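All remarks here apply to the structure that follows.
The numbers here are math on the coordinates, done by the rules we state, and not lab data. Keep in mind that this is a model prediction, so the values were computed, not measured. Note that each Cβ is placed from the backbone with ideal geometry, even for glycine, and that neighbours are counted across all protein chains shown.
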Amino acid sequence: MSLLPILLHPDPRLKKLCVPVQSVDAETRKLADSMIETMYDAPGVGLAAPQVASDARIFVMDCTDSESDNQPLVLINPEIISVSEELNTYSEGCLSLPDLFEDVERPKQVRMSFLDIDGKQHNELFDGLWATCAQHELDHLNGVLFIDHLSRMKRSMMTKKMVKLKKELALS
Ligand SMILES: [Zn+2]
């Protein structure tokens, strides 16, 4: 396991459509383990493969509160089966846009199918923060960032902030 560098927006690798994992093997497990470690280290509640420069359809998440034991979930080739009509708004952030938060409205519940780290098929209903996180991370696998759900003005404002931050980081 190792910590992976997290790509920062804007980066063309964050806009790519990721490709399905053909077989869940040792390499997949190694990537997932490193992604979990990187997510906890950041710290964050979710991390998708493109954020660590991989184009595999994998994301990891753990929305348990800090008091509880860690419960990392690995979702491989996730697909949305259904979403609730009821919507929910959360102030979302993203490890690829550090310290920037905006309200995003999404379905309150989402049912997803996915493979786990043993290649076993799952079908799970996520609710509340877990549902928001799962949809945010699945978006990443389709090259979509949470700022793509915002107005063009907000998106360009946040992108400008990120360009400035990346310049500062490059100089330091
Ligand atoms: Zn994100």
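Model label sites at Ile81 and Ser2, defined 7 Å from Cα along the beta-carbon direction, differ in position by 3.8 nm. For the range 117-128, the Karplus equation 6.51 cos²θ - 1.76 cosθ + 1.60, evaluated at θ = phi - 60°, returns couplings of 5, 9, x, 7, 6, 10, 9, 10, 9, 10, 9, x Hz by residue, with Gly and Pro reported as x. Residues in the range 107-113 carry Karplus couplings, in order, of x, 5, 10, 9, 9, 10, 9 Hz; the curve used is 6.51 cos²θ - 1.76 cosθ + 1.60 with θ = phi - 60°, and Gly or Pro positions show x. Derived scalar couplings between HN and Hα for the range 65-71 equal 6, 5, 6, 7, 5, 4, 9 Hz in order, rounded to whole Hz, by the Karplus curve 6.51 cos²θ - 1.76 cosθ + 1.60 (θ = phi - 60°), x for Gly and Pro. The three principal axes of the C-alpha atoms in the chain carry coordinate ranges of 44, 39, 35 Å, sorted with the longest axis first. In the chain, helical runs assigned H by DSSP with n ≥ 4 each contribute -39500 (n - 2.57); averaged across all residues and rounded to the nearest 500, the mean residue ellipticity at 222 nm is -9500 deg cm²/dmol.
Its Cα centre serving as origin, the range 12-171 has a Cβ charge dipole (Lys and Arg +1, Asp and Glu -1) of approximately 1080 debye. Projecting the Cα atoms of Leu150, Ser91, Val110 onto the charge dipole of the chain (Cβ charges, centred on the Cα centre) puts Leu150 farthest toward the positive pole.
Hey, can you grab everything whose amide H is under 5 Å from the amide H of Cys94? Only 5+ residues off in sequence or another chain; H modelled, so Pro and N-termini drop out. Amide H neighbours of Cys94, under 5 Å, 5+ apart: Asp99, Leu100. If you take every residue apart from Met162 with its C-beta less than 11 Å away from the C-beta of Met162, what net charge results, scoring Lys and Arg +1 and Asp and Glu -1? Residues close to Met162 contribute a combined charge of +3. Restriction of the GluC sites (Glu not before Pro) in the range 78-172 to DSSP coil positions whose beta-carbon has at most 16 other beta-carbons within 10 angstrom yields Glu85, Glu86.
Taking amide H positions as modeled 1.01 Å from N, with prolines and chain starts lacking one, the residues under 5 Å from Lys108 and 5 or more places away or on another chain are Ser84, Glu86, Leu87, Asn88. Charge tally around Ser91: other residues with Cβ under 10 Å, Lys/Arg +1 each, Asp/Glu -1 each, net -3. Counted by Cβ distance under 9 Å from Lys108, the other residues give a net charge of -2, where Lys and Arg count +1 and Asp and Glu count -1. When the Cα positions of Phe101, Phe126, Thr159 are compared along the charge dipole of the chain, Thr159 comes out farthest toward the positive end, with charges on each C-beta of Lys, Arg, Asp and Glu.
Taking a threshold of 28 Å on the Cα-Cα distance, which of the pairs Lys15/Lys167; Lys15/Lys160; Lys108/Lys166; Lys16/Lys160; Lys16/Lys154 fall above it? Checking Cα-Cα distances, Lys108/Lys166 exceed 28 Å.
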